[in-house]
Every structure is written in C-alpha cells, then in structure tokens.
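What follows is one structure encoded as structure tokens, with my remarks underneath.
The values are calculated or read from the model by the stated rules, or taken from the named source; none is laboratory data. What you are looking at is a predicted structure, and each value in this text was computed from that prediction instead of being measured. Positions of Cβ are backbone-derived with ideal geometry, glycine not excepted, and every protein chain shown enters the neighbour counts. Ligands, DNA and RNA are excluded from the accessible area calculation, which covers all protein heavy atoms including side chains. Shrake-Rupley method; radii C 1.70, N 1.55, O 1.52, S 1.80 Å.
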Amino acid sequence: MSMLDLDKFRATPLQHDPYDFLCVPGFVKKEHLEALHRDYPKVDKPGSVPLGVFPQGPTFDALIEELKGPAVCKAFSDKFDIDLSGYPTMFTARGMCRPTDGKIHPDSASKIITVLIYMNPPWEATGGRLRILRSQDLEDYAAEVPPEEGTLMCFRRSDTSWHGHYPFEGQRRAIQMNWVKGSVYIWHEQWRHRVGVWAKKVFGAEQKGY
C-alpha cells in the first residue's frame with residue numbers, strides 16, 4: 001500500500017513565482033504517520049545526517065524505498081517537465097534545529113530538484129517555517145510552509161532559488177531528497193555529513209562549521 005498521495009501531488013499546480021515550487025500538505029498519508037514517527041531516525045544532533053548513521057525502523061525504510069521508486073520519479077519528472085530517470089537520488093534526515101540554521105541560500109549547483117518532507121506535530125512556533133523567497137530578504141517571500149507532519153515542499157534548484165527560515169531551536173524533523181547531477185556529489189556530501197556527525201559527537205554541537 002502506497003504511503004504517498006501522488007494523486008494529490010499531481011493535482012497541485014506548480015508555482016512559478018519566484019521559481020518553480022509546490023507545497024502539498026498531506027503528501028504522506030495520515031494513516032502511516034504514527035508508524036513513521038516511531039521509526040524515524042533517532043537523530044539527536046543538528047545538521048543533515050545521511051541515512052543509516054542513526055537507528056531507523058522498517059516503516060521509515062519502506063517510505064524511502066517508495067520515494068526511490070519509478071512512480072515517484074515519473075510524477076516529479078512530469079511536474080517539473082524534466083526527465084529525472086537518469087539522475088541519482090540522495091537522502092538525508094534532520095532531527096534537531098539550532099538557532100544558526102535556516103540561513104538564506106539557493107542550494108548547491110549540483111542539485112536539480114530538492115524535496116523536503118516534514119515530520120513534526122502541528123507547528124505553533126514562528127521560527128522554523130520555510131519561506132520561498134524572491135530575494136535574500138526573509139520578508140520578501142512568496143510562500144511560507146510550516147514543517148508539519150506529512151507536508152511536502154519541493155522546488156527546482158537555480159541560482160536564485162532562495163529559501164530560509166527564522167531561527168528555531170529544538171526538534172524539527174525533515175527528510176530531504178535530491179535528484180543530483182552525479183554520484184560523486186553524493187559520495188562527497190555523505191562523507192562530509194558523516195564527518196560532521198562525528199565532530200559533533202566528539203567536540204559538541206558548538207562546532208558550527210559542520
């Protein structure tokens with residue numbers, strides 16, 4: 001049984017202001033959320049972490065396998081009018097947010113499509129809400145997305161795909177999936193993130209360079 005509501009994804013129009021993006025609340029079906037919360041990686045450090053670094057359960061594994069599948073690839077290819085079937089995917093997970101996170105950036109040039117799936121309870125904080133920006137000004141935004149469970153945010157990366165959020169400290173879970181331009185980039189990023197996790201364990205979360 002699919003965990004993802006691809007029909008809702010297909011029915012949601014792609015937005016073009018200020019760049020190609022869309023947000024789909026309820027992309028992960030409600031009946032799977034409890035098990036996914038239970039099996040989500042036990043990430044207790046800030047930063048993006050490659051899958052497998054922290055323990056994760058079978059329901060989470062099944063979600064990742066579905067995201068890797070041909071139905072998801074075709075749905076995103078059709079939505080963004082680009083054949084993604086020849087590009088590899090990269091996955092990371094976040095569990096904790098620090099006050100220095102959320103700085104405005106467009107994502108690295110090696111990324112083609114960025115997909116974020118949030119896994120948090122109803123979000124009441126003013127910080128931590130991702131903003132789709134027209135410029136490098138957090139108040140110059142086209143959309144704001146609370147990181148609530150089951151919500152999808154995705155966009156086409158460009159030199160001006162600015163996004164960020166106001167500071168938040170505490171648990172903020174997000175799965176990130178990217179179609180990228182080559183496997184070398186995946187190897188480099190996973191190595192970098194694994195070194196970052198090791199540094200946080202050894203030196204503490206104050207090592208902001210990772």
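Please give the direction-averaged projected area of the C-alpha convex hull for the range 43-160, in square nanometres with one decimal.
8.3
May I ask you to list, by number, the DSSP H helices of the chain whose Cα span along the axis is at least 20 Å and whose average Kyte-Doolittle hydropathy reaches -1.0 or more?
183-203
State the extension gain, in nm to one decimal, for the chain segment bounded by ASP17 and LYS68, taking 0.36 nm per residue of separation less the distance between their alpha-carbons.
Stretched fully, the ASP17-LYS68 segment lengthens by 15.6 nm.
Rounded to the nearest 0.05, what FRET efficiency do HIS37 and HIS105 have when you use their Cβ-Cβ distance and R0 = 25 Å?
Working from the Cβ atoms, E equals 0.30.
How big is the range 3-83 in terms of Cα radius of gyration and Dmax, in angstroms?
Every Cα atom of the range 3-83 included, Rg and Dmax give 14.7, 39 Å.
What aspartates and glutamates does LYS8 reach when the alpha-carbon gap must be under 19 Å and sequence neighbours fewer than 8 apart in one chain are set aside?
Straight-line reach from LYS8, under 19 Å: ASP20, GLU31, GLU66, ASP78, ASP81, GLU148, GLU149.
Could you tally the net charge around LEU116, taking each other residue with its Cβ under 14 Å from the Cβ of LEU116, Lys/Arg +1 and Asp/Glu -1?
So the surrounding residues net to +3.
Taking the solvent-accessible surface of protein heavy atoms with a 1.4 Å probe, what is the per residue accessible area of the chain in Å²?
Using a 1.4 Å probe on heavy atoms only, each residue of the chain averages 48 Å².
Computing the accessible area with a 1.4 Å probe over protein heavy atoms, can you report the carbon and sulfur percentage for the chain?
Percent of accessible area from carbon and sulfur atoms in the chain: 53.
Please give the contour-minus-distance gain from ASP44 to SER85: 0.36 nm per residue of separation, less the Cα-Cα distance, rounded to one decimal in nm.
11.4 nm
Among THR151, THR100, THR92, determine the one that fluctuates most according to a GNM of the chain built with springs between C-alpha atoms less than 10 Å apart.
THR100
Which option, [x] 25, 23, 22; [y] 23, 21, 18; [z] 32, 17, 16, is the value of semi-axes √(5λ) of the Cα gyration tensor in Å that was calculated from these coordinates?
Answer label, from the structure shown: [y].
For LEU84, list long-range residues whose amide hydrogen, built 1.01 Å from N in the peptide plane, is under 5 Å from its own amide hydrogen.
The answer is SER77.
Counting pairs of alpha carbon atoms under 8 Å apart in space and at least six apart in sequence, what relative contact order in percent does the chain give?
Relative contact order of the chain: 27 percent.
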